[in-house]
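Step one of this worksheet: look at the structure below.
What follows draws every value from the coordinates through simple rules; no lab data is involved. This structure is a prediction, so every number in the text was calculated from the model and none was measured. Glycine gets a Cβ as well: all are built from the backbone with ideal geometry, and neighbour counts include every protein chain shown.
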Amino acid sequence: MADCLFCSIIAGQIPAEIIARTQSSLAFKDIDPKAPVHFLVVPLEHSENLTQMSAQAAGQLISDATQAAKDLGLDPAEQGFRLVLNSGAGAGQTVFHTHVHVLGGRDFLWPPG
Ligand code: AMP
Ligand code: ZN
């Protein structure tokens, strides 16, 4: 989609530190990391947020994010990791191409801010 930052990264028009690719998603490092490990997993097909995705596509996105976390050594039996899907501006979404944040490498508080 024109004027979408993450579509431009997927198309290779804007550089990013790519860490994984699947048939349906791309994982790259967050430019402003909030934890020692912080990357984003985005579906190749544009949607604004989770509510525009099919259950199958949303499930595949979570599965790809989980696999990437495991591949980077983030282990729930140890320090664990956190997946975040901000959906809507009021929930903190700033880039309107659905994405999963994968955060790890430190302890996290609950509830989040
Ligand atoms: P959200 O606030 O949930 O929409 O998350 C958007 C995320 O995209 C933020 O954590 C930003 O730091 C990140 N971000 C913005 N621009 C870029 C970029 N060019 N490359 C990688 N991550 C980015
Ligand atoms: Zn997009």
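So, R0 is 25 Å and r is the distance between the beta-carbons of ALA89 and LEU109; what FRET efficiency does that work out to, to 0.05? Efficiency computed from Cβ-Cβ geometry: 0.65. A straight chain from GLN79 to ALA2 at 0.36 nm per residue would run longer than the Cα-Cα distance by 23.8 nm.
For the chain, the relative contact order is 29 percent, taking Cα pairs closer than 8 Å that sit 6 or more residues apart in sequence and dividing their mean separation by the residue count. Between 0 and 90 degrees, the angle of helix 55-71 with respect to the longest Cα principal axis of the chain falls at about 50 degrees. Dividing the summed helix terms, -39500 (n - 2.57) for each DSSP H run of n ≥ 4, by the number of residues in the chain produces a 222 nm estimate of -6000 deg cm²/dmol to the nearest 500.
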